[in-house]
């Protein structure tokens with residue numbers, strides 16, 4: 001399984017994904033689940049994936065092939081589409097078509113040919129936007145009321161986001177929030193695992209302004225995890241019933 005989370009804030013976008021894939025107890029691997037399509041200063045599109053690896057890899061390969069085609073048009077390439085809404089529609093259509101094609105080949109196992117994506121980004125002179133794209137190709141958008149989106153094993157990391165994240169949250173606090181959200185998920189679900197990929201897109205930069213891979217022995221992350229656990233224990237002891 002997986003866990004990916006994206007925050008849509010006034011200052012920019014923060015995204016975090018794990019890298020574990022699980023095809024059975026004896027078949028656990030590491031695959032990147034965060035991908036960027038970027039024309040620095042002009043356009044940035046960040047995609048995070050969850051679900052069938054064959055579906056997500058095929059979808060991304062098709063998007064990349066269309067984006068690098070010398071005869072690409074605004075209707076075929078996400079790097080030329082005039083709006084982020086049209087980018088989401090193109091990705092949704094590609095995901096849906098890929099899922100259907102692979103499901104038809106799998107017969108009785110068709111139910112496993114399912115995947116979802118978080119798409120976030122901005123084009124020059126446009127607004128930052130973030131979408132959650134479902135396997136059928138339809139999508140929802142992050143809003144001021146719900147400024148974050150999740151895919152995969154989202155339930156463990158949701159409570160902290162509900163309690164602390166608003167559109168006014170700073171990028172520094174947003175990074176802390178997604179990392180603690182992931183920490184809660186790592187502790188509660190073995191199908192989510194290290195390393196982690198973190199990306200920040202500052203408003204109007206139209207590029208990834210911070211990119212970081214967090215490994216198992218990352219002392220900053222581990223210290224934050226220990227501090228959070230201690231803070232929760234102290235708060236629990238201090239609550240009166």
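Given the -39500 (n - 2.57) contribution per DSSP H run of 4+ residues, what per-residue ellipticity at 222 nm results for the chain, rounded to the nearest 500 deg cm²/dmol?
On the way: 5 runs with 84 residues, N = 241.
Mean residue ellipticity at 222 nm (helix-derived): -11500 deg cm²/dmol.
Among (1) 51, 39, 33; (2) 63, 37, 33; (3) 64, 47, 33, which one is Cα extents along the principal axes in Å computed from these coordinates?
Given (1) 51, 39, 33; (2) 63, 37, 33; (3) 64, 47, 33, the structure-derived one carries the label (3).
Please give the helix 171-188 orientation as an angle from the longest Cα principal axis of the chain, in degrees from 0 to 90, rounded to the nearest 10.
Relative to the chain, helix 171-188 is tipped by roughly 80 degrees.
Working from Cα positions, state the angle (0 to 90°, nearest 10) between the long axis of helix 53-68 and the longest principal axis of the chain.
Between helix and principal axis, roughly 50 degrees.
Got a sec? How would 46, 16, 53 order by Cβ neighbour count within 10 Å, fewest to most?
Values: 46 23, 16 26, 53 15.
In order of increasing Cβ crowding within 10 Å: 53, 46, 16.
If I stretch the segment between residue 168 and residue 230 completely, what's the gain in nm (0.36 nm per residue apart, minus their alpha carbon distance), one decimal? Don't jump to the answer; show the numbers that get you there.
Numbers: separation 62, 0.36 × 62 = 22.32 nm, distance 2.69 nm.
Here the segment from residue 168 to residue 230 would lengthen by 19.6 nm.
Could you list 131, 221, 236, 35 in order of exposure, starting from the residue whose Cβ has the fewest other Cβ atoms within 10 Å? Intermediate results must be reported in sequence, preceding the final value.
On the way: 131 25, 221 22, 236 8, 35 18.
Final ranking by Cβ density, sparse to dense: 236, 35, 221, 131.
For the chain, take the longest principal axis of its alpha carbons; what is the angle in degrees between that and the long axis of helix 84-106, to the nearest 10 within 0 to 90?
80
Applying 1/(1 + (r/R0)^6) with R0 = 51 Å to the Cβ-Cβ distance of residue 62 and residue 237, what FRET efficiency is obtained, to the nearest 0.05? Walk me through the intermediate numbers first.
On the way: r = 53 Å, r/R0 = 1.05.
After rounding to 0.05, the efficiency reads 0.45.
No value in this document is a laboratory result; all are computed from the given coordinates. The model shown is predicted, which means the values in this text are computed figures rather than measured ones. A quick note on method: Cβ atoms are made from the backbone with ideal geometry, for glycine too, and the neighbour counts reach across all protein chains shown.
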